[in-house]
1. What number of residues in region 98-126 are crowded, with 20+ Cβ neighbours inside 10 Å and hydrophobic (A, V, I, L, M, F, W, C)?
2. Does TYR242 fit the bill of being more than 16 Å from the ligand (Cβ to nearest atom), of a type in the set (Phe, Trp, Tyr) and either within 23 Å of the chain's Cα centre (by Cα) or surrounded by 15 or more Cβ atoms within 10 Å (Cβ to Cβ) (or both)?
3. Taking GLU195 as meeting all but one of (1) away from the ligand (no atom under 16 Å from the Cβ); (2) at pLDDT below 95, write down the number of the exception.
4. Quick check on region 245-257. Is at least one of its residues more than 16 Å from the ligand (Cβ to nearest atom) and surrounded by fewer than 20 Cβ atoms within 10 Å (Cβ to Cβ)?
5. Taking the stated definitions as given, is GLN32 more than 18 Å from the chain's Cα centre (by Cα), of a type in the set (S, T, N, Q) and crowded, with 21+ Cβ neighbours inside 10 Å?
6. It is to be established whether one or more residues within region 298-305 are more than 9 Å from the ligand (Cβ to nearest atom), within 20 Å of the chain's Cα centre (by Cα) and of a type in the set (Ser, Thr, Tyr).
7. From GLY23, GLY55, GLY12, GLY42, grab the single residue that is within 21 Å of the chain's Cα centre (by Cα), more than 21 Å from LYS107 (Cβ to Cβ) and of a type outside the set (S, T, N, Q).
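The values are calculated or read from the model by the stated rules, or taken from the named source; none is laboratory data. This structure is a prediction, so every number in the text was calculated from the model and none was measured. Don't worry about glycine lacking a Cβ; one is built from the backbone with ideal geometry, like all the others, and counts go over all protein chains shown.
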Amino acid sequence: MAKIEEYAHIIGQPLIDDLRLLGQKLKNRIIQNINSTPVGGGVAEILNRMVPMLGELGLDAKWDVIKGGEQFFNVTKKFHNALHGRQEELTQRDFDIFMETSRENIKDVNIYGDIVFIHDPQPIALIEKKANNKWIWRCHIDVSNPNEKVWGFLMDFITKYDSAVFSAPAFSRKLPIRQFLIAPSIDPLSDKNKELPPETINAVLEKYGIKKDKPIITQISRFDRLKDPVGVISAYLQVKKYINCQLILGGGTAIDDPEGQQVFDEVREMAKADKDIHILLLPQNDIEVNALQRASDVIVQKSIREGFGLTVAEALWKAKPVVASSVGGIPLQIKHKYSGLLCHSIEGASFSIKQLLSSPEYAKKLGENGREHIKNNFLITRHLRDYMLLFLSLYHPQDVVQLC
Ligand code: UDP
């Protein structure tokens with residue numbers, strides 16, 4: 001795993017020095033992160049890197065995962081969709097199930113952090129264990145237009161926290177507690193994002209039986225309706241009428257996402273008539289995801305709703321031309337026609353994919369601009385700095401926190 005010092009050649013030594021200084025101010029503070037899945041999805045992706053890096057900077061960072069059964073995760077998936085503004089029928093029984101599992105977790109989860117950092121709604125009720133420590137609720141969802149019933153239910157918990165964190169100004173809500181806006185990030189030196197030799201990329205293509213004889217369009221995402229894999233296939237089929245190309249839909253599932261298998265089966269059924277569509281159920285293997293992204297000519301993220309959309313940052317960091325829906329955090333990453341192309345429909349996506357495949361110079365320029373934008377705004381080093389400033393601010397609620 002890369003050491004903090006190795007990031008200096010990307011972001012410069014002064015920023016590394018800032019991180020060390022902040023680390024000293026927070027030395028040995030226990031930061032207890034809690035979420036609902038150890039693998040799968042953006043939250044686990046970030047914690048995997050954030051926790052060891054905070055440790056290297058001198059904090060005592062930990063990560064715990066709550067427990068929940070199928071019924072609980074069915075309900076929290078409904079919450080997730082409803083908070084994203086989707087139509088969901090929620091019954092009193094759903095809220096009861098949420099509280100039953102929450103009570104179990106309140107009983108079983110050991111709270112030992114100086115700062116308890118709760119990620120997303122699933123573990124939110126643990127706030128009932130608040131004592132003299134500081135609690136942060138970190139919302140990774142775009143809650144700009146939530147189902148009011150679910151939001152109202154969560155508010156009873158949120159107001160007990162010291163602070164809340166949202167990924168973007170547009171995601172935030174009016175709250176009676178302090179809130180911070182901190183964008184997520186990717187780690188440029190992780191297996192998911194580091195440079196790969198061509199042999200590694202070719203070996204992964206070979207493993208999945210994919211030839212480089214025609215352009216590759218790729219979407220990497222959990223098999224989730226909000227990622228619109230069916231829409232991606234429709235867009236690809238429209239492109240295919242004009243340009244002989246192939247499609248990779250690669251993804252896995254997360255234990256807190258009970259719909260994954262069903263969506264995967266539907267997509268596979270839809271794709272079976274076209275041998276140029278590769279539906280890959282990826283094991284948790286970052287090198288493979290990295291290789292597939294790097295092997296692609298165009299990367300798509302045709303989400304219907306999105307949190308921040310880490311896969312977009314991952315693609316742009318690899319200087320890939322990206323076509324992505326203008327939802328959630330994606331417009332923060334893609335300035336239309338500068339660092340990628342934003343789309344609003346299947347037709348729009350297929351038009352943009354065709355344009356990129358037929359104008360390689362233009363596609364290359366968008367990719368390069370995208371990489372620069374990610375480098376300046378969405379790398380984990382910036383994220384570490386923001387989080388440590390947030391931690392410090394909890395101990396100085398009246399002050400503006402300064403670096404020195
Ligand atoms: N991911 C992965 N394997 C997969 C599907 C997704 O490693 O099969 C990763 C992807 O590379 C990204 C994260 O999971 O780092 C997904 O984060 P994003 O913000 O795009 O979406 P979320 O799943 O959190 O809604």
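1. 8
2. no
3. Failing condition for GLU195: (2).
4. yes
5. yes
6. The answer is no, given that none of the residues of region 298-305 is more than 9 Å from the ligand (Cβ to nearest atom), within 20 Å of the chain's Cα centre (by Cα) and of a type in the set (Ser, Thr, Tyr).
7. Going through GLY23, GLY55, GLY12, GLY42 in turn, the sole match is GLY42.
Yes/no per residue for (1) at pLDDT below 95; (2) touching a strand residue (DSSP E or B) at 6+ places or on another chain (Cβ under 8 Å); (3) hydrophobic (A, V, I, L, M, F, W, C):
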{"residue": "ILE106", "(1), (2), (3)": "no, no, yes"}
{"residue": "VAL109", "(1), (2), (3)": "no, yes, yes"}
{"residue": "GLY113", "(1), (2), (3)": "no, yes, no"}
{"residue": "ILE118", "(1), (2), (3)": "no, yes, yes"}
{"residue": "PRO121", "(1), (2), (3)": "no, no, no"}
{"residue": "ILE124", "(1), (2), (3)": "no, yes, yes"}
{"residue": "GLU128", "(1), (2), (3)": "no, no, no"}
{"residue": "LYS134", "(1), (2), (3)": "no, yes, no"}
